[in-house]
Amino acid sequence: MTDPARILEATAGGLALASAGALAYAVRVPSCSWLAPSVCRGASTRPAIALTFADGPSESTSELLEILARYGAPSTFFQCGVNVRRLPGVAREVASAGHEIGNHSDSHPLLALKSPGFIYRELTAAQEAIEHATGIRPRHFRAPYGARWFGLRAAQQRLGLSGVMWSTIALDWKMQTGAVVSRLLHGATRGAILCLHDGRVLEHRPDIRVTLQAVREVLPKLLDQGFHFEKVTDILCPTKS
Ligand SMILES: [Zn+2]
């Protein structure tokens, strides 16, 4: 005979599992906006791609800027406040090259399980560091590790930030150049937002050779395919000419 207590237990277990799954989805899936509004791709009205770089500025950012300038590729840099305070001159260099600067938190923590106050302070400290160094107040925020959490929605709202995830992540911090290149080429569609890294979290002098080489290889190929590059603000606008 079936024991009602066991049925109840199994049902509760199933519900807990289902809600844990739903929460994991909300925290990590780039297209999900349950915990904070965010976009993961731009308008498909033009053959445009947004290149985005997170975790900078770093000692190697300048080398990346040279490559982007060579191919006329305005991009978006999601910077961390700690890195901006360490390398304010590099943050300024990014801004004066005409790229867009977004907020990637202050110290790159995993926001999951953190309090709303902690989340707000992280976003605020990065806004202040970036504005102090570059004169620019970011309008976009990318969550560290792509993880959103309760309280992020309100923090974004108070600071006038909109969330930006990605349509393709390069995995440039852990894969070889060939694999990164093929991920990026595969993800190159109208309105794509590609996520790469010009830093490695808060590391000093990070090794970003894979990122640099992948960008060198991918940019001319995408231009040949008829794509052009837009900053995040631009690619989100469907009527930009
Ligand atoms: Zn990051």
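Bear in mind that the values in this text are calculations on the coordinates, not laboratory data. Treat the numbers as computed from the prediction; the structure is a model and nothing was measured. Because the Cβ atoms are built from the backbone with ideal geometry, glycine has one as well, and the counts that use them run over all protein chains shown.
Under 7 Å between Cβ atoms, which residue pairs at least 6 apart in sequence (or on different chains) link something in region 39-55 that is assigned to a strand (DSSP E or B) with a partner that is within 16 Å of the ligand (Cβ to nearest atom) and among the charged types (D, E, K, R)?
Note: pairs meeting the criteria are 53/198; 54/142; 55/198; 55/200.
Scanning region 65-85 for residues that are within 10 Å of residue 99 (Cβ to Cβ) and under 17 Å from the mean Cα position of the chain (by Cα), which turns out nearest to the ligand (Cβ to nearest atom)?
Applying the filter and picking the extreme gives 77.
Looking at region 49-72, which of its residues are among the small types (Gly, Ala, Ser), surrounded by fewer than 19 Cβ atoms within 10 Å (Cβ to Cβ) and closer than 26 Å to residue 146 by Cα?
The one that is among the small types (Gly, Ala, Ser), surrounded by fewer than 19 Cβ atoms within 10 Å (Cβ to Cβ) and closer than 26 Å to residue 146 by Cα: 62.
Quick one: residue 94 ticks every box in (1) more than 15 Å from the ligand (Cβ to nearest atom); (2) under 18 Å from residue 202 (Cβ atoms); (3) assigned to a loop (DSSP other than H, G, I, E, B); (4) of a type outside the set (D, E, K, R) bar one, so which box is it?
(3)
What is the number of the single condition among (1) more than 24 Å from residue 88 (Cβ to Cβ); (2) within 13 Å of the ligand (Cβ to nearest atom); (3) of a type outside the set (Lys, Arg) that residue 201 does not meet?
All conditions pass for residue 201, except number (1).
Have a look at 215, 210 and point out the one that is crowded, with 17+ Cβ neighbours inside 10 Å and within 16 Å of the ligand (Cβ to nearest atom).
210
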